[in-house]
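Derivation of every value follows stated rules applied to the coordinates shown; laboratory data play no part. All values derive from a computational prediction rather than experimental measurement. Quick reminder, even Gly has a Cβ in these numbers, built from the backbone with ideal geometry, and neighbours come from all protein chains shown.
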């Protein structure tokens, strides 16, 4: 047992103490779809959210594109082929087809629930984008209708296990300071990715907490080398919505255009330029008609510019690249089958917390694929976790459990940890473009050595008190995430997807495999062959 929670904890310190078939950790799109799916399948569901479910996270903060493609064979084939090359040929068309099918059905269901989709000139609903505030408000309303118990402002801190099987979680309520416990038949991690507190829009609750808890239970990661996504944003803003920069001209300080900055690979050009001098943008290639449509589609893109008195269509403004990590990257918890199960019994993963390589390979899906993956994987995880929990019968919530995970909770030393110092030191390793965006063996090795030292500092210290525990666990999760990222990046000695290795600038056909990673005190990485797709299996059988 650890100092935070034990079976003998005073009931006055614990509220609530709940039992459920399925516990969902995270209240964004993946978590709420999982909750609705599980409750609709007959499960008793509890959802815990670090913030207020329906308002926190990157989806709730802005407009979201959706990979919504009608069931037309040619359209679907084109959609699936669109990112295969960018992703380094690591995606899987069987999974893509499943996601396209499920996303199409679920987005249509949103329409049935009353989501206010805009219509085109013929009166047909346009369903390829969702406004985050309305979307997540509706999802909260629907899961409450379905009978889901929501614990807001209640970050999970540790998983509960019974004989190595995940059986619930425990955490703390930020407002009351009381600890909560939920014993359950199954748990779904839907905590989102990790953006390392970079201040990217809606991302500061996304610190890799779910990764840490899953790894403490023995779960594996996949594709963590594909976790160095950076979003373009005004230098004075956190709004990393990048679509409209497709119509931008990028210039040096003297107003001359930057060659290649507006091309398909322009972000690399921008990053290289920013290493030595500022970069400016002006969205001067948008027509008058487009400008009006843009403001309606993404009003928060313009908000910081309007506040600064800048008309982005006629005046240039300084831009930067802000790290979005695994939020827009594709790495995450490895799922082992169609049910979205992890490698640990009783534990499932969905949304940005799970690897998205299956549909994106090694390159970001932007908002579109990411939104579709959250909808689909959340839906499947909710159904699958319900089947698993119901299979346990009455014993599901009667098992003896213990909280696992020692980082920040227990140490043989009396030394207390300063989480803000750990976070700053981690950001120093993952923010710089010449260390994370453009990678080489020397910098990766040096960063990893320092990150390993930070992890040892965490393991040899403990949180000052229960009020500090959330921040301390965030610090531990960020260090752990960065170590899986750089350990995997060192292992992939090629350039593939968003992993740009300067020492190995070419794609290597012999490395068309996934990299599985795991471990905490000792990180490990191993290759896993890309699974054959249905059409490939049929050819093999012949």
_If packing is taken as the average count of other Cβ atoms within 10 Å, what order do 389-399, 470-480 fall into, highest mean first?_
470-480, 389-399
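When the helix-only estimate is applied to the chain (DSSP H runs of n ≥ 4, each -39,500 (n - 2.57), divided by the residue count), what is the mean residue ellipticity at 222 nm, nearest 500 deg cm²/dmol? Intermediate values should be presented prior to the final figure.
On the way: 15 runs with 189 residues, N = 542.
Theoretical 222 nm ellipticity from helices: -11000 deg cm²/dmol.
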*asked:* Sort 431, 409 by Cβ crowding within 10 Å, fewest neighbours at the top.
replied: 431, 409
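If neighbour count is taken as other Cβ atoms inside 10 Å, put 410, 379 in order from fewest to most.
Details: 410 14, 379 24.
Ranked by crowding around the Cβ, least crowded first: 410, 379.
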*Using the Cα gyration tensor of the chain, with a ≥ b ≥ c the square roots of its eigenvalues, what is the shape: rounded (a/c below 1.5), prolate (a/b larger than b/c) or oblate (neither)?*
rounded
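What order, most packed first, do the peptides 339-351, 217-229 have when packing is the mean number of other Cβ atoms within 10 Å of each residue? Don't skip to the end; give the middle numbers.
Numbers: 339-351: 25.6, 217-229: 27.5.
Ranking, from highest mean packing down: 217-229, 339-351.
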*Go ahead and run the numbers for FRET between residue 124 and residue 456, Cβ-Cβ distance against an R0 of 45 Å, rounding to 0.05.*
0.15
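Using the Kirkwood radius over Cα pairs, work out the Stokes-Einstein diffusion coefficient for region 1-133 at 25 °C and 0.890 mPa s, in µm²/s as a whole number. Working shown, then result.
Values: Rh = 18.1 Å.
Roughly 135 µm²/s, to the nearest whole number.
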_If you restrict to DSSP beta bridges whose two residues both lie in region 63-210, what percentage is antiparallel, to the nearest 5?_
100
*Note the full-extension length gain between residue 72 and residue 521 as 0.36 nm times their separation in residues minus their Cα-Cα distance, in nm to one decimal.*
156.7 nm
*Considering only the chain, what is the antiparallel percent among its DSSP beta bridges, to the nearest 5?*
65
*region 90-104 to region 415-438: how many Å between their Cα centroids?*
35
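According to the square roots a ≥ b ≥ c of the eigenvalues of the Cα gyration tensor, what is the shape class of region 419-529, taking rounded for a/c under 1.5, prolate for a/b larger than b/c otherwise, and oblate for the remainder?
On the way: a/c = 2.80, a/b = 1.94, b/c = 1.44.
Because a/c hits 1.5 or more and a/b exceeds b/c, region 419-529 counts as prolate.
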*If you look at just the Cα atoms of region 128-193, how large are its Rg and its Dmax in Å?*
14.6, 45
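Taking R0 as 30 Å, what's the FRET efficiency between residue 345 and residue 144 from their Cβ-Cβ distance, rounded to 0.05?
On the way: r = 30 Å, r/R0 = 0.99.
Here the calculated transfer efficiency is 0.50.
Give me 305, 109 sorted ascending by neighbouring Cβ count inside 10 Å, so fewest comes first. Don't jump to the answer; show the numbers that get you there.
Working: 305 19, 109 15.
Ascending number of Cβ neighbours within 10 Å: 109, 305.
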_Sites residue 243 and residue 467 - FRET efficiency at Förster radius 56 Å, r taken between beta-carbons, to 0.05_ = 0.90
*asked:* Give me the one-decimal nm value for the distance between modelled label points at residue 506 and residue 307, 7 Å along each residue's Cα-to-Cβ direction.
replied: 4.9
*Please work out how much length the chain gains when fully extended from residue 449 to residue 395, using 0.36 nm per residue of separation minus the C-alpha to C-alpha distance, in nm with one decimal.*
15.0 nm
*Calculate, in nm to one decimal, what residue 288 and residue 431 gain on full extension: separation in residues at 0.36 nm each, minus their alpha carbon distance.*
47.8 nm
